[in-house]
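Single-structure report; data block below.
The values are calculated or read from the model by the stated rules, or taken from the named source; none is laboratory data. No experiment lies behind these values; they were computed from the predicted model shown. Please note: Cβ atoms are built from the backbone with ideal geometry, for glycine as well, and neighbour counts cover all protein chains shown. Only protein heavy atoms, including side chains, enter the accessible area calculation; ligands, DNA and RNA are left aside. Shrake-Rupley method; radii C 1.70, N 1.55, O 1.52, S 1.80 Å.
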Amino acid sequence: MPEAMKQLIGLYEAYFAQVSAAEKRLKPAEGLFGIGRKLSDAPCHDAFIEALRAFLDGMDVREDSGQVCQVLDYIYRAPFAYPDVHQSVYWMLLAVQGLTLQAVGALRPEDAQALYLWYQKAYPRRERLPVQNQVLEALKRQGKRA
């Protein structure tokens, strides 16, 4: 497994562990009816965004398109790969897809086109968030480059 993928999987696993720890620290019924802290308020969510941003910014986009494609594929499939996560984590897994827009430019057109076709089917139009439309547009543009 490429080093970049090991790092990425480690980021996600650390995030899930931090969410689990934050959930255990909550008192029963805390956050119910908007009273007290909620799991979605935990600082681990912001830490995950920053860690993933740093990872993507530090990734050598001159690497072969295949490795960049693997990384993006993992990020795009994460909401499906972890179906039993807390709802706030699920939404975070969708939101962080927006961090990948710059990395899409490192893909070979055929890799971008393959990701575009999968993404379009995986995220139906009626269920997409604005960030997902941005990802699709970036993949589409990159897939047309020749």
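Only Cα sites of the stretch 101-146 enter the Debye sum here, all with the same form factor; the resulting log10 I(q)/I(0) across q = 0.19, 0.20, 0.21, 0.22 1/Å is -0.50, -0.55, -0.61, -0.66, listed in q order.
Taking every protein chain into account, the accessible area of the chain amounts to 58 square angstrom per residue (probe 1.4 Å). Accessible area per residue was computed with a 1.4 Å probe on protein heavy atoms; Phe80 scores about 100 Å². Loop-resident trypsin sites (Lys or Arg not before Pro) (DSSP state other than H, G, I, E or B) in the stretch 35-140 with no more than 14 further Cβ atoms inside 10 Å of their Cβ: Arg37, Lys38, Arg62.
Ordered by solvent-accessible area of protein heavy atoms (1.4 Å probe), largest first, the residues Ser20, Ser65 come out as Ser20, Ser65.
Only helices enter the 222 nm calculation for the chain: every DSSP H run of n ≥ 4 contributes -39,500 (n - 2.57), and dividing by all residues gives -21500 deg cm²/dmol, rounded to 500.
Could you size up the charge dipole of the chain around its Cα centre, putting +1 on the beta carbon of Lys and Arg and -1 on that of Asp and Glu, and report it in debye to the nearest 20? Charge dipole, the chain, about its Cα centre: 520 debye, nearest 20.
Glu137 sits with roughly 90 Å² accessible to a 1.4 Å probe, with DNA, RNA and ligands left out of the calculation. For Val85, the accessible area of its heavy atoms, probed at 1.4 Å with every protein chain present, is near 40 square angstrom. Beyond 23 Å, what share of the Cα-Cα pairs of the chain is found? Please give it as a whole percent. Tail of the P(r) past 23 Å holds 39 percent of the pairs. The apolar share of the surface of the chain, taken as the fraction of accessible area on carbon and sulfur atoms (1.4 Å probe, ligands and nucleic acids excluded), comes to 54 percent.
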